[in-house]
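Peer 1: First the structure, which I've put down as structure tokens, then a few questions once you've had a look.
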Amino acid sequence: MDTGIKNIKHHTINICSVRIFFLFLTVLIITTSTSLPMEQKKWVIVIDAGHGGRDSGAQGSFSYEKNITLAIALKTGEYISKNLNNVTVLYTRKNDSFVELQDRATFANKNNADLFISIHANWAKTKNIKGTETFIMGLAKDDQNLEVAMKENEVILLENDYSTKYEGFDPKSPESYIMFTLMQNIYQGQSTSLASKIQTQYKENIKRVDRGVKQAGFWVLFMTTMPSVLTETGFITSPEEEKYLNSSQGQDYIASSLFRACREYINELDSKSGISAVKNQQSEEVINPAASVKSDPEEIIYMVQIASSTLKTDVKPENFNGLTDVMEINSSDRFKYTSGKFTVYNEAVKYRKKLSSDYPDAFVIAVKENKIVPLQQTLEQKKKK
């Protein structure tokens, strides 16, 4: 009986010590953040590639999470550094090294980061589960969210003397997560805003399955003192998504989406003080699944026709399964809608295949001076040249 009372008292003291520590950090943040005017503030973004070194993270059929997260993290940082002004990008790791969970948050705190983005790949017991989801710190509202947090927090068990470092926190014990109900994250609103922007980019820009913005008790988010998110870029246990996450194109698309979300978030706040974080819109190098090419008006170009109707349709992404480059061609009293723009026919054919799941009846057309011309005739003409 006495031992049980001592354990309860010890657990209570641990929770209280964590609350005092968090309160101290809150006061420190508010003092620091208000000491400089908004226009003098330089943005610092810390990108955290999940796992690393002896911590391989989740395992797929042929790959490890730690390698996927590092590749995406480095590409994300490159996009941000190349396209945003007045932003410094820092990494918790830039190689296959083991970084303790506590040190990741400490690194962001010491560098006075404005945003913290932890990149991960998800895991599930069944192979048919797929999609992206982005978490903010909070109490897991269902068993599935708690399971994800417990899986990511397990890295603590690989650290030396983890019981002392993490105040007796046991990542495998649901009871340990009660501490997250006691904490009010002052950056919850900002974190939710960034997480929502990330999920929107995943869904609209690169057509990933959207599993939404969620809350769960991730220790790495709990210890950071700035708006922070943990994004699960896909399921390594899904054969389709594992292949996508390991492909150079897939990693580019995800990194592009994270960059776009950061840009939107930063510009949204900086616009209040008249500051623009974008270096040069025209020089921005962002991967777009339906990237078009500039061409001479008289040159023959190839497009993929995805729809045709006697009624005019507003050219908006939501009307065309999220496609952002749809063009309208008025031909023979019909409105024809196309996606993509290519000078090489075979490239258009490849792109048509990518659209086949949403548009199985799509086909390649030839266009000259904004008018549809006979496809076979153009191909024969190019052969003669």
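Peer 1: Determine the distance separating the Cα centre of the range 61-84 from the Cα centre of the range 313-374; give it in Å without decimals.
Peer 2: Each part reduced to its Cα centre gives a spacing of 31 Å.
Peer 1: For the range 45-100, what are Rg and Dmax over the alpha carbons, in angstrom?
Peer 2: Rg then Dmax for the range 45-100, in Å: 12.3, 41.
Peer 1: How would you order 304-311, 369-376 from highest to lowest mean count of nearby Cβ atoms within 10 Å? List each step's numbers first, then the result.
Peer 2: Values: 304-311: 15.0, 369-376: 12.0.
In descending order of packing, they fall as 304-311, 369-376.
Peer 1: Quick one: of 203/316; 82/354; 125/203; 341/371, which pairs are farther than 19 Å apart, Cα to Cα?
Peer 2: Working: 203/316 15 Å; 82/354 29 Å; 125/203 24 Å; 341/371 14 Å.
From the list (203/316; 82/354; 125/203; 341/371), the Cα-Cα distance tops 19 Å for 82/354; 125/203.
Peer 1: While we're on this one: Just order 352-358, 44-50 by mean Cβ neighbour count inside 10 Å, highest at the front, would you? Can you show the working numbers first?
Peer 2: Values: 352-358: 14.1, 44-50: 26.7.
My ranking of the peptides, most packed first, is 44-50, 352-358.
Peer 1: So who's got an amide H within less than 5 Å of the one on residue 307, skipping anything under 5 residues away but keeping other chains? H placed 1.01 Å off N, in plane.
Peer 2: 337
Peer 1: Also, quick follow-up: What is the calculated FRET efficiency for residue 308 to residue 97, with r their C-beta to C-beta distance and R₀ = 51 Å, to the nearest 0.05? Don't skip to the end; give the middle numbers.
Peer 2: On the way: r = 55 Å, r/R0 = 1.07.
Efficiency, from the Cβ-Cβ distance: 0.40.
Peer 1: Considering the zone a paramagnetic label at residue 209 would reach in this model (a point 7 Å from Cα along the Cα-to-Cβ line), which residues of the range 218-243 have amide N under 16 Å from it?
Peer 2: Answer for the range 218-243: 232-243.
Peer 1: Can you tell me the order of 199-209, 122-132 when each peptide is scored by its average per-residue count of other Cβ atoms within 10 angstrom, highest first?
Peer 2: Taking the mean over residues of other Cβ atoms within 10 Å, the ranking is 199-209, 122-132.
Readers should treat all values here as calculations from the given coordinates under stated rules, not as data from a laboratory. Just so it is clear, the structure is predicted and the values come from calculations on it, not from any experiment. Here Cβ is always computed from backbone atoms with ideal geometry, including for glycine, and neighbour counts include all displayed protein chains.
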